[in-house]
Amino acid sequence: MKVAIIGQGYVGLTISAFAGEFFEVIGFDNNQKIVGQLNSGISHIEGVESSVLQKWIKAGRYKATASGSDIADVDVVVIAVPTPLSKERQPDLTYIDAACKTIGENIKNPVLVINESTSFPGTLRNYIKPAIEKYSASLIVHLYAISPERVDPGRGDYNQKNTPRLYAGLTTKASEKTREFYSRFCDQLVEVSSPEVAEAAKLFENTFRQVNIALVNEFAQITNALGISVYETLDAANTKPYGFMKFTPSAGVGGHCIPVDPTYLAAVAEEHGAPATFIRRANDVNLEMSKYVVDRVQADNGGSLQGKSVLVVGVAYKPNVADVRETAAELVIEHLRKRGAVVSWHDEVVDTWHGESSAPLSGADIAIVVTKHDSVDENGIVASAPYIFDTTGKIKGVKGL
Ligand SMILES: NC(=O)c1ccc[n+]([C@@H]2O[C@H](COP(=O)([O-])OP(=O)(O)OC[C@H]3O[C@@H](n4cnc5c(N)ncnc54)[C@H](O)[C@@H]3O)[C@@H](O)[C@H]2O)c1
């Protein structure tokens, strides 16, 4: 079986690496640089070893391409392209549309099309299927299914094999073929009654996280006002063996999922006349955390940050990955610069960002820890400035949330 995976980023390349063991994989990506790198056996994604890629390339089971004609004779197409927010913070399906165009224009025989990109309920039925049909020269009857991706890049304990996978086809045959495809490399498949249920479940999973993170971020502000430790209080609450799940505070949420997916859910809810006030408020609380952190730092430093050198430690959105999409560090830096601080950042995993390079972990007036990678020495952070504010709860003996 030959499989085309559209998009070779965090999701697409991870799937390619697993699928390479069982299928011939064509990794289609419109970024020529990524394609060149992948074909020379170099992975750009944490959790996908270059050695695995090289093994599949050598065995003739993996090839990256930016040419649509290379996917003409595949049996299965998996869509794994970005679904970000537009400037107006609305769902942006332009990448999905471009992927549908590639499929519609190049695939000449009926195939199974599976969407793994996260989007709102109805995307497969009302958007992807009609778009592919629109771009096809003749009416080819493809099978369509959804299987939302749950990969957590950088995570060691859960992967494509042992993470249960939701799926649903638009038809019974599409569901059967989807099960057949994933059962080769995934241990547990969970069929739901419609693509809309699978799409909504994915959004709800990440909305659940966003709301709980917002709650704990608000709670951190309450405990600070009360003069008690948020971490000690959370640990105390967490001794209850049922009905409680511990989340920890932070400078905000980042990445391609938690800050984005709830807004997809809110947008579709409002379009259908249902309220999404709770989801919208949670998003705002998380976005406002960066200001709260900078307010605290300013108050501790004589009420002004004008001219002070501030080092932001860790700009990736979470530990041990180089991903800076929607990172809370961006807003923290923005607030600091607006208040006249001279800001640099240190992140040896990210290395370069917005045309700036990672600065040494030393010599600042103030250091704010936004993300703590395992490889960054705690003592080095403590020695980097006379005043440290830690938003991660990982650095002992310094100020923090
Ligand atoms: N990253 C995660 O942890 C994660 C987890 C679960 C679900 N998702 C979802 O999976 C989808 C993909 O996310 P990602 O993190 O892999 O994104 P990514 O940015 O890492 O990768 C997307 C890739 O698609 C390529 N691309 C963009 N438009 C294309 C097109 N028209 N044709 C071919 N290639 C194209 C880009 O060059 C890029 O390499 C999103 O919907 C996201 O919400 C991501």
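The values are calculated or read from the model by the stated rules, or taken from the named source; none is laboratory data. Everything numeric here is computed off the predicted structure, so don't read it as measured data. Methodologically, a virtual Cβ is constructed for each residue, glycine included, from the backbone with ideal geometry; neighbour enumeration extends over all protein chains shown. Heads up: the accessible areas ignore ligands, DNA and RNA and are worked out on the full protein's heavy atoms, side chains in. Shrake-Rupley method; radii C 1.70, N 1.55, O 1.52, S 1.80 Å.
For this structure, a couple of remarks:
- Ranking Tyr387, Tyr167 from most to least accessible surface, computed with a 1.4 Å probe over the protein chains only, gives Tyr387, Tyr167.
- Two-site label geometry, Ser229 and Tyr387: point separation in nm, points 7 Å out along Cα→Cβ: 2.3 nm
- Using 0.36 nm per residue and subtracting the Cα-Cα separation, the extra length available between Glu205 and Phe22 on full extension is 62.9 nm.
- Inter-label distance, nm, simple model (7 Å from Cα along the C-beta direction), Phe247/Ala59: 4.1 nm
- Cα centroid separation, region 332-401 to region 185-261 (Å): 25 Å
- Antiparallel beta bridges, as assigned by DSSP with both residues in the chain, represent about 10 percent of the total such bridges.
- Cut-off 14 Å, label 7 Å out along Cα→Cβ of Lys399, residues of region 285-304 by amide N: 292-304
- In nm, spacing of pseudo-spin labels at Ser50 and Leu287 (7 Å Cα→C-beta vector): 4.0 nm
- Under 5 Å, built H, 5+ apart or other chain: amide partners of Trp345: Val312, Ala359
- Residues in region 231-239 carry Karplus couplings, in order, of 5, 5, 5, 5, 4, 5, 4, 6, 6 Hz; the curve used is 6.51 cos²θ - 1.76 cosθ + 1.60 with θ = phi - 60°, and Gly or Pro positions show x.
- With R₀ set to 51 Å, the beta-carbon distance separating Glu191 from Asp365 gives a calculated FRET efficiency near 0.35.
- Region 137-285, relative contact order [Cα under 8 Å, separation at least 6], %: 20 percent
- Adding -39500 (n - 2.57) for every DSSP H run of four residues or longer, then dividing by how many residues the chain holds, sets the calculated 222 nm ellipticity at -11500 deg cm²/dmol.
- Segment Lys33-Asp374, extension gain: residue separation times 0.36 nm, minus the distance between their alpha carbons: 119.8 nm
- Cα shape, region 36-88, gyration tensor, a/c 1.5 rule: oblate
- Measuring spread by the Cα atoms of region 112-254 yields a radius of gyration and Dmax of 20.2, 69 Å.
- Evaluated with a Cβ-only charge set (Lys, Arg +1; Asp, Glu -1), the chain carries a dipole of roughly 240 debye about its Cα centre, given to the nearest 20.
- Heavy-atom accessible surface of the chain, averaged per residue, reaches 45 Å², computed with a 1.4 Å probe.
- In Hz, Karplus ³J(HN,Hα) per residue of region 333-344 (6.51, -1.76, 1.60; θ = phi - 60°; x = Gly, Pro): 5, 4, 4, 5, 5, 4, 9, x, 6, 9, 9, 10
- Under a 5 Å amide H cut-off, with hydrogens placed 1.01 Å from N, Val113 pairs with Val77, Leu143, Tyr144, Ala145 among residues at least 5 apart or on other chains.
- In the chain, the longest principal axis of the Cα atoms and the axis of helix 172-182 are about 60 degrees apart.
- Among the trypsin sites (Lys or Arg not before Pro) found in region 117-164, those both in a DSSP coil and sparsely packed, with 16 or fewer other Cβ atoms within 10 Å of their Cβ, are Arg155, Lys161.
- Relative contact order of region 342-393, taken over Cα pairs closer than 8 Å and 6 or more residues apart, is 35 percent.
- The packing ranking, built from the mean of other Cβ atoms within 10 Å per residue, places the peptides 104-115, 248-259, 326-337 in the order 248-259, 326-337, 104-115, highest first.
- Based on C-alpha pairs under 8 angstrom that are at least 6 apart in sequence, the chain has a relative contact order of 10 percent.
- Region 296-311 and region 11-45 have their alpha-carbon centroids 45 Å apart.
- Derived scalar couplings between HN and Hα for region 358-372 equal 4, 8, x, 8, 5, x, 9, 6, 9, 10, 10, 8, 9, 9, 10 Hz in order, rounded to whole Hz, by the Karplus curve 6.51 cos²θ - 1.76 cosθ + 1.60 (θ = phi - 60°), x for Gly and Pro.
- Database remark: amide H of Gly27 closer than 5 angstrom to the amide H of Ile5, Lys63, Ala64, Thr65 (H placed geometrically; neighbours at sequence offset of 5 or more, or on other chains; Pro and chain starts carry no H).
- The portion of the accessible surface of the chain made up by carbon and sulfur, rounded to a whole percent, is 53 (1.4 Å probe; DNA, RNA and ligands excluded).
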